[in-house]
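The values are calculated or read from the model by the stated rules, or taken from the named source; none is laboratory data. Owing to the predicted nature of the structure, the values given are computational and were not obtained by experimental measurement. Here the Cβ positions follow ideal geometry from the backbone for every residue, glycine too, while neighbour counts run over all protein chains shown.
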Amino acid sequence: MNKLKVWFFHSEDSAVGYYRLWQPQEWLNKLGLAEVKRATQSTKMPFEITPGKDSITSVGEWADIFVFQRVDRVEGLAVLEALRAKFNKPVIYEVDDNLFTIPKTHPQYEVFRQKGADEVFDRIRIKAKDLPLYKGRDIALVTKLDNDEVLVAIKKSEDIYRVNEYALSTADAVFTTTEMLAKAYRKFNKNIYVLKNCIDFDLWDSVPAPEPNKNIVIGWAGGGQHRKDLDMIAPAIEQVLIRNPDVEFHWSNCYAKKLLALKEKYPGRVKLLDRFSINDWHKGYKGWGFDIALAPIQNIEFDRCKSNLKWLENSACKIPTVASPVTPYMCIKHGETGFLANETKEWVDCIETLIKDPTLRRRIGQAAYDEVKRDYNAKDNAKNYAKALTEVHRNYIPKPLESSNDGSMGLTCEAVA
């Protein structure tokens with residue numbers, strides 16, 4: 001039996017691309033469960049069309065199935081639709097965040113929020129004969145009117161909210177990270193597979209443990225969108241620093257205002273660490289040598305749909321975690337595989353309990369490591385990924401591309417030459 005041929009379209013060179021597509025690709029190929037290819041790193045959607053090498057046509061002819069990561073440009077959606085129309089093969093949409101509940105405090109809120117038509121288009125009424133004067137403008141829709149006039153809609157902004165809504169609704173299946181996300185997206189698509197985030201222990205175990213720190217180091221590292229989360233626990237961090245002069249706090253990748261203020265207030269004890277590329281993340285993360293790691297998130301719909309990735313990464317390094325008691329981290333057994341803390345006092349108490357007891361730190365770090373290696377191992381998860389791909393391919397019923405005359409997404413319109 002021939003292996004299923006799969007093409008992955010990643011959206012960004014970050015943890016999103018790595019954990020959701022690059023790591024599964026590695027293990028699917030390594031275990032011989034499928035033949036998976038993707039565009040080279042840093043190639044954006046839609047990637048450049050180079051005749052004979054990774055062109056849209058060559059990809060479409062080679063693959064049995066396409067996996068698209070969340071689309072953040074209309075051009076990417078156009079590639080998805082073109083592949084579906086030309087090759088009539090199944091398309092899977094991969095998404096790891098609730099793109100419809102992004103809070104206003106999130107750096108990407110303006111990008112992903114729903115926009116009104118007036119924000120997306122400028123509408124002008126002109127004579128049809130003058131349309132060539134607008135050559136080179138981003139014209140999304142041209143509608144014939146009476147008296148030889150046309151209504152021209154010129155795009156001035158992307159409505160990524162609608163792009164993702166459309167992509168979710170038209171995909172043959174959706175791959176996502178958590179049951180909460182699956183529940184949120186079932187109103188768009190009933191065919192959803194939950195493929196949890198996992199750790200490649202071949203990589204993480206290959207990195208030697210760092211030398212012990214002179215002082216106890218509390219740490220955090222992650223995406224830049226967590227500024228609100230980190231500012232939320234800054235008061236607890238400061239209390240711990242005041243009460244424990246032999247403790248430091250180190251963090252990376254996120255410029256939270258309150259932490260930056262602590263850095264100025266406690267020079268040498270609060271440090272902003274150098275960034276690492278996602279390819280070296282396992283080396284850099286383990287090399288930082290945190291003694292205790294934090295995983296704060298807010299109890300809002302957007303964060304409730306997130307995965308437990310911080311706990312997974314900490315546990316892969318045998319670092320005990322103190323996390324917020326919100327859905328992603330309710331997998332933590334309080335006092336056994338980590339700690340859960342809500343109010344400032346709880347954060348301080350949990351952190352100081354670990355500071356004072358090195359034996360407890362080692363025991364919890366080891367217990368968390370054992371559980372994650374057993375239940376969140378990328379090698380084992382590849383089999384679930386392969387099963388999901390096979391099911392989608394096997395159940396796919398070829399169908400013609402549906403068209404619409406209402407101008408939805410600007411994909412169909414009555415054009416004037």
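Odds and ends about this structure:
- Looking at 327, 359, 353, 344, just one residue is of a type in the set (S, T, N, Q), in contact with a Ser or Thr (Cβ under 9 Å, 6 or more places away or on another chain) and assigned by TED's automatic domain parsing to the domain that holds residue 295, and that residue is 327.
- Residue match in the stretch 86-95 (condition: at pLDDT 90 or above, among the charged types (D, E, K, R), surrounded by 21 or more Cβ atoms within 10 Å (Cβ to Cβ) and in a strand (DSSP E or B)): yes
- Any hit, the stretch 226-245, residues being more than 22 Å from residue 353 (Cα to Cα), of a type outside the set (D, E, K, R) and in the same structural domain as residue 349 (by TED's automatic domain parsing): yes
- Screening the stretch 96-125 for residues that are surrounded by fewer than 19 Cβ atoms within 10 Å (Cβ to Cβ) and in a strand (DSSP E or B) and picking the one that is nearest to the chain's Cα centre (by Cα) gives 122.
- Scan of the stretch 7-29 for residues that are farther than 19 Å from residue 307 by Cβ and free of Cβ contacts under 8 Å to residues at least 60 places away in the same chain, ordered by number: 29
- Checked against (1) in contact with a Phe, Trp or Tyr (Cβ under 9 Å, 6 or more places away or on another chain); (2) farther than 30 Å from residue 392 by Cα; (3) in a helix (DSSP H, G or I), residue 133 passes all but a single condition, namely (1).
- Residue pairs whose Cβ atoms lie under 7 Å apart, separated by 6 or more positions or on different chains, with the first residue in the stretch 80-104 and within 18 Å of residue 299 (Cα to Cα) and the second assigned to a helix (DSSP H, G or I) and aliphatic (A, V, I, L, M), are 96/16; 98/181; 98/184.
- Of all residues in the stretch 180-222 being in a strand (DSSP E or B) and closer than 16 Å to residue 312 by Cβ, the one that is farthest from the chain's Cα centre (by Cα): 219
- Residue within the stretch 279-300 that is of a type in the set (Ser, Thr, Tyr), under 19 Å from residue 105 (Cα atoms) and in the same structural domain as residue 355 (by TED's automatic domain parsing) present: no
- Scan of the stretch 150-179 for residues that are acidic (Asp, Glu) and either part of a helix (DSSP H, G or I) or in contact with a Pro (Cβ under 7 Å, 6 or more places away or on another chain) (or both), ordered by number: 165, 172, 179
- Reported count of residues in the stretch 332-370, each being under 20 Å from residue 306 (Cβ atoms) and buried (at least 19 other Cβ atoms within 10 Å of the Cβ), is 8.
- Set 356, 379: member being free of Cβ contacts under 8 Å to residues at least 60 places away in the same chain and over 28 Å from residue 298 (Cβ atoms): 356
- Residue match in the stretch 286-298 (condition: crowded, with 23+ Cβ neighbours inside 10 Å and among the small types (Gly, Ala, Ser)): yes
- Residue tally, condition of a type in the set (D, E, K, R) and under 27 Å from residue 29 (Cβ atoms), over the stretch 188-216: 4
- The condition of being over 18 Å from the mean Cα position of the chain (by Cα), more than 16 Å from residue 230 (Cα to Cα), at pLDDT 95 or above and not assigned by TED's automatic domain parsing to the domain that holds residue 100 holds for only one of 315, 307, that being 315.
- Identity of the residue in the stretch 318-328, among the hydrophobic types (A, V, I, L, M, F, W, C) and assigned to a loop (DSSP other than H, G, I, E, B), that ends up farthest from the chain's Cα centre (by Cα): 319
- Looking only at residues of the stretch 1-56 that are within 23 Å of residue 277 (Cβ to Cβ) and exposed (fewer than 14 other Cβ atoms within 10 Å of the Cβ), we find that the one that is modelled with the lowest pLDDT is 48.
- Applying a threshold of 6 Å to beta carbon distances and a minimum spacing of six or more residues, or different chains, the list of pairs starting in the stretch 237-251 at a residue that is in contact (Cβ under 8 Å) with a residue 12 or more places away in the chain and ending at one that is among the charged types (D, E, K, R) reads 248/269; 250/271.
- Consider the stretch 362-386 and keep the residues that are touching a Ser or Thr at 6+ places or on another chain (Cβ under 8 Å) and of a type in the set (A, V, I, L, M). The one that is farthest from residue 203 (Cα to Cα) is 364.
- Residue match in the stretch 70-77 (condition: in contact with a helix residue (DSSP H, G or I) (Cβ under 8 Å, 6 or more places away or on another chain), surrounded by fewer than 19 Cβ atoms within 10 Å (Cβ to Cβ), at pLDDT below 80 and not acidic (Asp, Glu)): yes
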